[in-house]
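Input: a single structure, listed below in structure tokens.
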Amino acid sequence: MPDPMRIRANALADGVDVRVLMSHEMETGQRKDGSGNVVPAHFISNVTVTHAGKTVLSAEWGPAVSKNPYLQFKFQGGKKGDEISVTWVDTKGETRTDKAVIG
């Protein structure tokens, strides 16, 4: 199972600032190993963030996203004490969901 995401969500005057650090190898499918064999593509393809049962961010990613991706965004409507949930799905069907409380 992949390592937990590090999520920080802070309530600001103009919305909630969310910062997420995901742990994932993000293989493009173009790199070769030491034997000259192509390393198969394996990367996060979908990211979804929810707050109060509503999707506040939905993204489709491709192989150009770096290893251990960092995501930062803002949304309106959250307040201190609310919970957000971040979920990713990769090209092998693995998934990871982590939650954080808005501070």
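The values are calculated or read from the model by the stated rules, or taken from the named source; none is laboratory data. Please read these numbers as outputs of a predicted model, since none were measured by experiment. Positions of Cβ are backbone-derived with ideal geometry, glycine not excepted, and every protein chain shown enters the neighbour counts. With ligands, DNA and RNA removed, areas are computed over all heavy atoms of the protein, side chains included. Shrake-Rupley method; radii C 1.70, N 1.55, O 1.52, S 1.80 Å.
Before moving on, here are some points about what is shown:
- Note on segment 77-93: residues that are over 12 Å from the mean Cα position of the chain (by Cα) and either in contact (Cβ under 8 Å) with a residue 24 or more places away in the chain or within 14 Å of MET5 (Cβ to Cβ) (or both) total 9.
- Contact map, segment 49-76: residues that are of a type in the set (A, V, I, L, M) paired with residues that are in a loop (DSSP other than H, G, I, E, B), Cβ distance under 7 Å, separation 6+ or inter-chain. Pairs shown: ALA52/ASP82; VAL65/MET26; VAL65/PHE43.
- Only strands (runs of 3 or more DSSP E) whose full extent lies in segment 22-103 are considered here, and none of them has at least 3 residues that are more than 19 Å from ARG8 (Cβ to Cβ) and open to solvent by less than 30 Å² (accessible area, probe 1.4 Å).
- Any hit, segment 27-42, residues being of a type in the set (A, V, I, L, M, F, W, C) and within 22 Å of ALA100 (Cα to Cα): no
- Which numbered condition ASP3 fails, given (1) at pLDDT below 95; (2) out of contact with any strand residue (DSSP E or B) (no Cβ under 9 Å at 6 or more places or on another chain): (2)
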